[in-house]
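Some notes on the structure that comes next.
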Amino acid sequence: MGRALIVLASLGGALILLVQILHTTGTIAAGFADWRPVLYAYLVWTVAFAVGQVMARGQRGLRALFLLPAVLFTVAVVIFPTLFGFYIASLDWNLSSFAGPHFNGLGNLIGLFNDSYYWNALGNMLFYTTAVLGEYAIAFGLALLLNAEIRGRKFFRVVFLLPLMLSPVAVSWMIGKSIMEYRFGPAATLARTLGWDNPAFFASPWIARFSIEAMDAWVSIPFIMIMLLAGLQAMPKEVLEAAKVDGAGGWQSFRHVTFPIMLPVSVTVLLIRMIFKLKLADIVINVTAGGPGGATDTVSSFIYRVYRDRSNVGYGTGLAMFYLLMIIVLLTVLLRLSRRWTQKVA
Amino acid sequence: MLIYGALLFWAFVCLFPIYWTVTTSFKSAIDVTQGHLVPWLDFQPDWKGWRSLGLSPDSIFETSTARAEFVSRFANSIITSVGASLLALVLGSLAAYGLSRFRYKFGWMRNDDILFFFMSQLILPPVVLALPFLVLYKALSLLDTRLGLILLYTLTALPIVIWIMRDQFNAIPVELDEAAFVDGLSVWGAFLRIVLPLAVPGMVAAFILSLVLCWNEYFFAALLTSTDAKTLPVMVASQTGSQGINWWSMAALSTAAIAPLVIVGILLERYIVSGLTTGAGK
C-alpha cells in the first residue's frame with residue numbers, strides 16, 4: 001500500500017518532468033510556461049514519499065520522518081544545483097551573446113589555467129587565510145582580558161560582540177568608504193597627524209590588502225574571541241593554581257598550561273574561521289571592487305565580476321567549481337594534519 | 001591598570017565606527033569636510049540625513065519615494081530573514097532530534113555520516129551555488145522573489161541550527177522520552193509535548209543566530225534580486241558608489257540597516273553567545 005503510493009508518486013513526478021523536458025526542447029506542444037510545476041511536483045512527491053514511508057514501515061517510518069524533510073530539502077537545494085553546476089561549468093555560455101549555451105568540454109578548465117587574474121585571486125586568498133592567525137592572536141588576547149578579574153565584564157562582553165552583528169556591506173561604507181576616506185575620514189586625519197603624508201588606504205596593493213583584512217578582522221574577531229572565552233571558562237581553575245604554586249610566572253603558565261589546554265578549541269575555531277574566510281566577498285566587492293589592479297580580489301569577488309560585467313555564466317561556474325574542489329582538498333589535508341598534531345601534543 | 005587600558009582601547013575600536021555612523025547621519029556638508037566629531041560641542045546636529053530618507057520628524061508625514069523604497073527593502077529583509085530562520089528552525093530541529101535519539105542507516109551512511117553531510121554544507125562558498133541558482137531560478141520563475149531568497153537562506157542557516165539543536169537535545173535526558181512512551185505517547189507526541197518545550201532556549205539561540213546570518217547576507221541577494229525582492233544590504237551597496245560626499249544620507253541608511261541587529265545584540269547577547277559556543281570547551 002505504502003510502496004504503491006511511492007511508486008505512483010514517482011511515476012507522476014517523472015511524467016511531469018518528461019512532459020516539461022519535451023516541451024522545452026520543442027518536441028511536443030503540451031507543457032507549462034515555466035518549470036515551476038516541476039517544483040510543485042517535487043513537493044507533492046516528497047509528501048507522498050513521507051506518507052508512504054510511514055505506511056510501509058510503521059514505527060521506523062515515523063522515526064525517519066524526523067530526518068526526511070531536512071534531507072530532501074538539502075538534496076533539492078544543494079546536491080542537485082551543485083551537480084547542475086558541474087554541467088554548466090562544461091558549457092560555453094554567455095548570457096549576453098545571441099548564441100545559446102553549447103558544449104565546451106574542458107574549454108573552461110583550460111581557460112582557467114591561463115587566467116592570471118584567477119590565480120592572482122587565489123594568491124590573495126592565501127594571504128587572507130593566513131591572516132586568520134593574526135585575528136586569532138588578537139582574539140586570544142581579548143579573551144584572556146575578559147577572563148581576568150575585571151569590573152564591568154558584562155558591559156565589555158556586549159561591546160566586544162557588537163561588530164559581529166553588523167552587516168559587512170554596512171561596514172564597507174562605515175569604515176572603508178567613510179572612516180578610511182582619503183580626504184575627510186577620521187582614520188586618514190589621524191594618520192596625517194601621525195606623520196603619514198599620503199594616507200591612501202586603497203591605492204597601493206599591500207596597504208589595500210591590509211585595509212580589507214583589517215575590516216574583515218574587525219567583523220569576525222568577536223566570533224573567535226567568544227569561542228576562546230568559552231574554552232577558558234571551562235578550564236579547571238586548579239591547574240592554573242598548581243602552576244602558580246610551582247612558581248610559574250604569567251607568561252610561563254600561559255605558554256605551558258593555558259595554551260596547550262586550549263589547543264583543541266583553538267584548532268576548531270581556526271578551522272571554522274578559515275572556512276568562512278574562504279567565502280570573503282562582500283567587503284571587497286563594495287569597497288575596492290578588487291582593485292587596485294586585482295590586488296584585493298578574492299575568488300568570490302572575482303567570479304562575481306565575471307558574471308556581473310561579462311555575463312559569463314559557464315566560465316564563472318567553472319571557476320567556482322574548481323575553487324570548491326581546491327577547498328575540499330585543502331580542508332581534508334588540514335583536518336588530517338590538525339588531528340595528528342593535537343594528538344601528538346595532548 | 002594596564003588591563004583596563006587595553007579593555008577601553010578595544011571598546012573604543014568596537015564602538016567608534018558605530019558612533020561615527022550615527023553622528024554623521026546628523027551632519028551637514030561642512031561638518032563632514034571639517035571632520036567634526038562631537039555633536040553640540042563642535043557641530044549642531046541636524047536631521048539632514050534622515051530627511052533624505054524621509055524619516056526625519058518634519059518629513060515623516062509627507063509622501064517620499066526614498067522612504068517608500070527604504071520601507072519596501074526593510075520589509076523584504078525582515079520577511080526573508082524571519083521566514084528563512086523559521087523554516088531552518090523547523091527542518092533543523094526535527095533532524096537534530098532524530099539524530100540525537102535514533103539510529104539511522106541510509107545505505108552506508110550512519111548518524112555521524114548524516115551529521116557530517118549536513119555540516120559539510122558550511123564549506124560550500126556562495127559562488128558555487130549562485131550561478132546555477134541564477135539559471136535554475138530563471139527557469140522556475142523564482143528570480144527576484146522573496147521565496148527564492150528564503151529557500152537559499154534556509155540552506156545557509158540549516159547546518160548551524162542542526163548543530164545547536166542536536167547539542168540541546170543531547171542535553172535532555174532520554175528517560176523523559178521513555179516516560180512519555182510509558183504514558184502512551186507516540187514518538188511524535190513525546191517530541192512535541194515533552195522534549196520540545198524543554199529545548200526552547202536552544203531554539204531561541206539558533207533562531208537569533210540564523211537571523212543575524214540572513215539579515216546580513218549580501219552575495220545571493222545581489223545576484224538574484226533586481227527590483228521586487230531587493231534586501232537592505234543590496235540597497236546600501238547600490239548607494240555607496242553614487243552618493244559622492246552625501247555622507248549624511250549614507251550614514252542614515254547604514255544606521256537604519258544595522259540598528260535592528262545592534263539592539264538584538266545588546267538585549268539578547270546571552271543567547272548569541274550560547275549559540276556560538278555550542279560544542280566548545282567539551
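The values are calculated or read from the model by the stated rules, or taken from the named source; none is laboratory data. Everything numeric here is computed off the predicted structure, so don't read it as measured data. Glycine also receives a Cβ, built like all others from the backbone with ideal geometry; neighbour counts cover every protein chain displayed. Accessible surface areas use protein heavy atoms only, side chains included; no ligands, DNA or RNA. Shrake-Rupley method; radii C 1.70, N 1.55, O 1.52, S 1.80 Å.
Taking 2.2 N^0.38 Å as the expected size of a compact globular protein, what ratio does the Cα radius of gyration of the range A:159-210 give against it, to two decimals?
On the way: Rg = 12.4 Å, N = 52, 2.2 N^0.38 = 9.9 Å.
Dividing the Cα Rg of the range A:159-210 by 2.2 N^0.38 Å gives 1.25.
Given the rule -39500 (n - 2.57) for each run of at least 4 DSSP H residues, summed and divided by the residues of chain A, what is its mean residue ellipticity at 222 nm, to the nearest 500 deg cm²/dmol?
-23000 deg cm²/dmol
Taking every residue in B:254-263, how many Cβ atoms of other protein chains lie within 10 Å of its Cβ, on average?
What the average comes to for B:254-263 is 4.
For peptide B:117-126, what's the mean number of Cβ atoms from other chains within 10 Å of each residue's Cβ?
The mean count of partner-chain Cβ atoms within 10 Å per residue comes to 6.
Of A:Arg192, B:Arg193, which has the most accessible area with a 1.4 Å probe, and how do the rest follow in descending order? The partial results should precede the final answer.
Details: A:Arg192 90, B:Arg193 170 Å².
Ranking A:Arg192, B:Arg193 by accessible area, largest first, yields B:Arg193, A:Arg192.
If I model a spin label at A:Ile21 and A:Val333 as a point 7 Å from the Cα along the Cα→Cβ vector, what separation in nanometres do I get?
Placing both labels 7 Å beyond Cα along the Cβ direction yields 3.9 nm.
Restricting everything to alpha-carbon atoms, can you work out Rg to Rh for the range A:264-346 with a Kirkwood hydrodynamic radius?
Rg/Rh: 1.11.
Please go through the range A:64-129 and write out the chymotrypsin sites (Phe, Trp or Tyr not before Pro) that DSSP classes as loop and that have at most 14 other C-beta atoms within 10 Å.
A:Phe98
Taking the Cα centre of the range A:183-341 as the origin, how large is its charge dipole in debye, to the nearest 20, when only Lys and Arg (+1) and Asp and Glu (-1) carry charge on their Cβ atoms?
Result for the range A:183-341 is approximately 280 debye, rounded to the nearest 20.
Using the alpha-carbon centroid of each, what span in Å lies between the range A:1-39 and the range A:79-114?
That distance is 26 Å.
Among A:Ile224, A:Ile110, A:Ile207, whose mean-square fluctuation peaks in a Gaussian network model of chain A (Cα, cutoff 10 Å)?
Among A:Ile224, A:Ile110, A:Ile207, the largest mean-square fluctuation in the Gaussian network model of chain A belongs to A:Ile110.
Keeping all protein chains in place and using 1.4 angstrom, which order do A:Glu181, A:Glu135 fall into by accessible surface area, from largest down? Please list the in-between numbers first.
Numbers: A:Glu181 30, A:Glu135 5 Å².
Sorted descending by solvent-accessible area, the residues read A:Glu181, A:Glu135.
Put B:Tyr4, A:Tyr307, A:Tyr182 in order of accessible area, largest first, 1.4 Å probe: what do you get?
A:Tyr182, B:Tyr4, A:Tyr307
Hey, can you list the residues from the range A:37-63 whose accessible area shrinks by 10 Å² or more with all protein chains present, relative to the chain by itself (probe 1.4 Å, no ligands or nucleic acids)?
A:Leu39, A:Gln59, A:Leu62, A:Arg63
Regarding the protein assembly as shown, what's the average projected area of the Cα-atom convex hull, expressed in nm²?
If I average the Cα hull's projected area over directions, I get 34.4 nm².
Before we go on, tell me the buried accessible area for the A/B pair, both chains summed, 1.4 Å probe, in Å² to the nearest 100.
Adding both sides of the contact gives about 8300 Å².
Non-local amide H neighbours of B:Phe43 (under 5 Å, H modeled in plane, Pro and chain starts lacking H): which ones?
The answer is B:Val38.
Could you pull the accessible area for A:Phe32 with a 1.4 Å probe, rounded to 10 Å²?
Approximately 80 Å² of A:Phe32 is accessible to the 1.4 Å probe.
Taking springs between alpha-carbon atoms closer than 10 angstrom, which of A:Leu270, A:Leu15, A:Leu190 fluctuates most in the Gaussian network model of chain A?
So, out of A:Leu270, A:Leu15, A:Leu190, the one fluctuating most is A:Leu15.
Using just the C-alpha positions of the range A:1-77 as equal point scatterers, what log10 of I(q)/I(0) does the Debye formula give at each q in 0.23, 0.24, 0.27 1/Å?
-1.00, -1.05, -1.18
With the full set of protein chains in place, find how many percent of the accessible area of the protein assembly as shown is carbon and sulfur; take the probe as 1.4 Å.
Using a 1.4 Å probe with all protein chains present, the protein assembly as shown comes out at 69 percent carbon and sulfur.
Which entries of A:Lys177/B:Lys230; A:Lys237/A:Lys279; B:Lys48/B:Lys138; A:Lys154/A:Lys237 show an alpha-carbon separation above 29 angstrom in the structure shown? Before the final figure, lay out the partial values.
Numbers: A:Lys177/B:Lys230 22 Å; A:Lys237/A:Lys279 38 Å; B:Lys48/B:Lys138 41 Å; A:Lys154/A:Lys237 21 Å.
Beyond 29 Å: A:Lys237/A:Lys279; B:Lys48/B:Lys138.
Taking the mean number of other Cβ atoms within 10 Å as a proxy for protection, how do you rank A:285-295, B:158-168 from highest to lowest?
Going from most to least packed, we get B:158-168, A:285-295.
Determine how large the accessible area of A:Arg310 is when every protein chain is in place; take a 1.4 Å probe and give Å² rounded to the nearest 10.
Taking all protein chains as shown, A:Arg310 has close to 110 Å².
Enumerate the helices in chain A for which the Kyte-Doolittle hydropathy averages 0.5 or more and the C-alpha atoms extend at least 18 Å along the helix's axis, using complete DSSP H runs.
Span-like helices here: A:2-25, A:36-57, A:59-74, A:132-147, A:153-165, A:205-233, A:259-277, A:313-345.
Using each residue's phi in the range B:80-91, evaluate 6.51 cos²θ - 1.76 cosθ + 1.60 at θ = phi - 60° and report the 3J(HN,Hα) Karplus result to the nearest Hz, with x for Gly and Pro.
Values, residue by residue: 5, 6, 5, x, 5, 5, 5, 4, 5, 5, 5, 4 Hz.
Evaluate the charge dipole of chain B about its Cα centre and quote only its size in Debye, nearest 20, assuming +1 on the Cβ of each Lys and Arg and -1 on the Cβ of each Asp and Glu.
380
Placing +1 on the Cβ of each Lys and Arg and -1 on the Cβ of each Asp and Glu in chain A, which of A:Gly141, A:Ser253, A:Met180 has its Cα farthest towards the positive end of the resulting dipole?
Projecting each Cα onto the dipole axis, the largest value belongs to A:Ser253.
Would you mind giving the mean number of other chain beta-carbons within 10 Å of the Cβ of each residue in A:153-163, as a whole number? Before the final figure, lay out each step's value.
On the way: counts 1, 2, 2, 6, 3, 9, 11, 6, 7, 11, 6.
The per-residue average across the peptide is 6.
Can you tell me the Rg and Dmax of the range A:116-345, counting just the alpha carbons, in angstroms?
20.4, 67
May I ask you to give the solvent-accessible area per residue for the range A:2-89, in square angstrom, as obtained with a 1.4 angstrom probe?
That works out to 54 Å² for each residue.
Please report the accessible area of A:Val44 (heavy atoms, 1.4 Å probe, ligands and nucleic acids excluded) in Å², nearest 10.
Estimated to the nearest 10 Å², A:Val44 gives 100 Å².
In the range B:100-146, what trypsin sites (Lys or Arg not before Pro) fall in a loop by DSSP, with at most 14 other Cβ atoms inside 10 Å?
Counting only loop positions with at most 14 other Cβ atoms within 10 Å, the trypsin sites (Lys or Arg not before Pro) in the range B:100-146 are B:Arg103, B:Lys105, B:Arg110.
Just name one of B:Thr227, B:Leu152, B:Ile162: the one whose Cα is farthest towards the positive end of the charge dipole of the range B:150-248 (beta-carbon charges, Lys/Arg +1, Asp/Glu -1).
My answer, from the dipole projection, is B:Thr227.
Quick check for me: using +1 on Lys/Arg Cβ and -1 on Asp/Glu Cβ, what's the dipole size of the protein assembly as shown about its Cα centre, in debye to the nearest 20?
Roughly 1040 debye for the protein assembly as shown.
Dipole of the range B:73-229 (Lys/Arg Cβ +1, Asp/Glu Cβ -1, origin at the Cα centre): which of B:Asn76, B:Ser120, B:Ala180 lies farthest to the positive side?
B:Asn76
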